[in-house]
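Below: one structure, written as structure tokens.
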Amino acid sequence: IDAPTQNGWGILLGGSNASDSPQQECFNCIAFNNVIRVSANFRTMGFQGCKDCTFFNNVAFGGAMGMNTAPTSSNINNTWKNNILDCQGSNATESLQNTYTIDYNLFYNCTGIPQQAHPVTGNPLFVNSSSDWHLSPGSPAIRAGTTITARGYSGEVLVANFDWDGKQRTDPWDLGIYTTSGQ
């Protein structure tokens, strides 16, 4: 995704029309293996009216991660893991509301970095940050992530352990959209 979408979001899971209890529009929604590029005054990825939703193994440039509530929606138990966010000098997060988990993410060139139990720091060392998001040898994102089990709306396990090239991820996972396993 190369430009902010409606309402200033690169990718938004949920929406703003949840008027009935329990006030969510998105259940067990996932977004993974995306590259998101927005300007600093927009948000790269976020939740609005989500329950048990996850962003994992994404690469984002500019903007912030966000979690908003519309007047009638709330967020419950949402997760960001194994992502690489290059804030390009802006704030890493905006409007984090309700319950969430942020862990195993690399925040580079960011202010306002959220606390994580397993923080990853340093330059992600992309082959080319404009066009090739494979990780170069020595990247702090290599083998710095955790295994993700993605579940569908009915609780079924979704196949989500492959990278952008179709290679299967092995433990521990790399951050971002590609795995270095087998290289």
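The values are calculated or read from the model by the stated rules, or taken from the named source; none is laboratory data. What you are looking at is a predicted structure, and each value in this text was computed from that prediction instead of being measured. Glycine also receives a Cβ, built like all others from the backbone with ideal geometry; neighbour counts cover every protein chain displayed. The accessibility values were calculated without ligands, DNA or RNA, using every heavy atom of the protein model including side chains. Shrake-Rupley method; radii C 1.70, N 1.55, O 1.52, S 1.80 Å.
Summary of values
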| read-out | value |
| --- | --- |
| Residues with amide H under 5 Å from that of Thr44, placed H, sequence gap 5 or more | Gly10, Ala64, Met65 |
| Answer label, with Kirkwood radius over Cα pairs in Å calculated from the coordinates and candidates (i) 28.4; (ii) 19.5; (iii) 16.3 | (iii) |
| Shape category assigned to the stretch 103-183 from the gyration tensor of Cα positions, a/c cut at 1.5 | oblate |
| Relative contact order for the stretch 122-183, counting Cα pairs under 8 Å that sit 6 or more residues apart, in percent | 32 |
| FRET efficiency estimate (nearest 0.05) - Cβ-Cβ, Thr170 to Asn123, R0 41 angstrom | 0.95 |
| Sites Thr111 and Val157 - FRET efficiency at Förster radius 41 Å, r taken between beta-carbons, to 0.05 | 0.65 |
| Considering only the chain, percent of DSSP beta bridges that pair antiparallel, nearest 5 | 10 |
| Ranked order, Phe27, Phe56 - accessible area, probe 1.4 Å, largest first | Phe27, Phe56 |
| GNM result for the chain, Cα springs below 10 Å: residue of Trp80, Trp173, Trp164 fluctuating most strongly | Trp164 |
| Under-5 Å amide H pairs with Cys87, H placed in peptide plane, nonlocal only | Gly62, Tyr108, Cys110 |
